[in-house]
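Student: The structure follows.
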Amino acid sequence: MNVLLKMRYLILIFCICCFQWATAQNFSYPKLAAKGKTIGTFVPNNWKAIDTAYGDLNNDGLEDMALVLEYNFPVTERRAYGDSETELIKEFQKPRILAIFFRQQPSSGYQLVLQNNNFILRSEEGGALGEPFKELRIKNNTLNLLFEGGNDWRWKLAYEFKYQHKQWVLIKANNTYYNITSGEMSDKTYDFIDRRLKQINGNLFSRNAANITSEDVLYFTDLRTLNDFKKPWTWEITKDNFL
């Protein structure tokens with residue numbers, strides 16, 4: 001009896017592995033439903049919502065919704081790395097989707113206005129700290145995303161997008177890079193509307209004591225949007241300065 005149960009268990013494991021392998025080979029991103037009244041309407045089979053945020057994003061007084069969805073199985077993806085125009089790497093991990101919905105009327109449900117399959121970091125892209133995706137939030141009519149990762153040297157990335165002229169425009173960002181042992185750090189705050197960069201260099205353990213603050217003008221051609229910003233760390237704003 002024990003031998004029979006063990007064989008059945010091994011067969012089950014084998015079938016699951018075969019299913020996951022077949023799934024990984026045939027993966028393609030689903031097209032989310034255009035309209036619906038509940039979260040379940042927008043979550044495809046074999047996907048799950050891992051974060052949700054509510055708030056007014058388009059200044060109409062109605063509570064809009066943003067979702068981060070994750071696929072249940074890891075697949076091979078080609079992901080941007082460094083310069084998003086020229087460098088791609090293969091990664092075996094669970095795909096993610098950022099979806100944004102406008103509330104139509106309190107009784108009419110939601111309408112999909114953005115599906116982005118690239119920008120949200122995957123669970124394996126945070127280095128030794130593990131999961132890098134920390135927060136999805138809607139505040140002051142803007143969409144806010146927070147990521148964190150690293151090892152002895154750690155980083156925090158915060159992005160603030162605003163709906164303008166039917167585009168999700170990056171208006172502000174923050175990039176903090178620090179050493180957990182020495183406290184050495186660099187903190188950069190970007191204002192893309194006013195084209196200003198505020199930078200603080202110094203030590204986490206002696207803030208406001210020996211830290212040096214500087215401000216510079218940001219030079220770039222066009223504002224980045226969720227349509228052309230591949231993922232975190234792929235915009236080289238100035239030489240060797242990635243966001």
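The values are calculated or read from the model by the stated rules, or taken from the named source; none is laboratory data. Only a predicted model underlies this, so the values are computations on that prediction, with no experimental measurement involved. Heads up, the Cβs are rebuilt from the backbone with ideal geometry, glycines too, and the neighbour counts pull from every protein chain shown. For the accessible areas, the whole protein counts, side chains as well, though only heavy atoms, and no ligand, DNA or RNA atoms are used. Shrake-Rupley method; radii C 1.70, N 1.55, O 1.52, S 1.80 Å.
Student: On a full-extension model of 0.36 nm per residue, what is the gain between S107 and D152, subtracting their alpha-carbon distance, rounded to one decimal in nm?
Tutor: 11.2 nm
Student: Now, a different point. Evaluate the range 50-191: find the radius of gyration of its Cα atoms, find its Kirkwood radius, and give the ratio Rg to Rh.
Tutor: Reported Rg/Rh, Kirkwood definition of Rh: 1.00.
Student: Between I180 and K35, what is the spin-label point distance in nm, taking each point 7 Å from the Cα along the Cα→C-beta axis?
Tutor: Result for the modelled spin labels: 4.9 nm.
Student: Same structure, new question: What is the range 110-212's relative contact order, in percent, from Cα pairs under 8 angstrom and six or more apart in sequence?
Tutor: Once divided by the residue count of the range 110-212, the mean separation gives 14 percent.
Student: Full-extension gain between D194 and I212, please, as 0.36 nm times their residue separation minus the C-alpha to C-alpha distance.
Tutor: Full extension of this stretch gives 4.3 nm more.
Student: Roughly how many nanometres apart are two label points built 7 Å out from the Cα toward the Cβ at Y54 and S123?
Tutor: Between Y54 and S123, the simple spin-label model gives 2.7 nm.
Student: Over 29 Å, how big is the tail of the calculated P(r) for the chain, in percent of all Cα pairs?
Tutor: Roughly 40 percent, rounded to a whole number.
Student: So what is the calculated 222 nm ellipticity per residue for the chain, using -39500 (n - 2.57) for each DSSP H run with n of 4 or more, over all residues, to the nearest 500 deg cm²/dmol?
Tutor: Estimated from H runs of four or more residues: -3500 deg cm²/dmol.
Student: Ignoring any ligand, DNA or RNA, what whole percent of the accessible area of the chain comes from carbon and sulfur when the probe is 1.4 angstrom?
Tutor: 50
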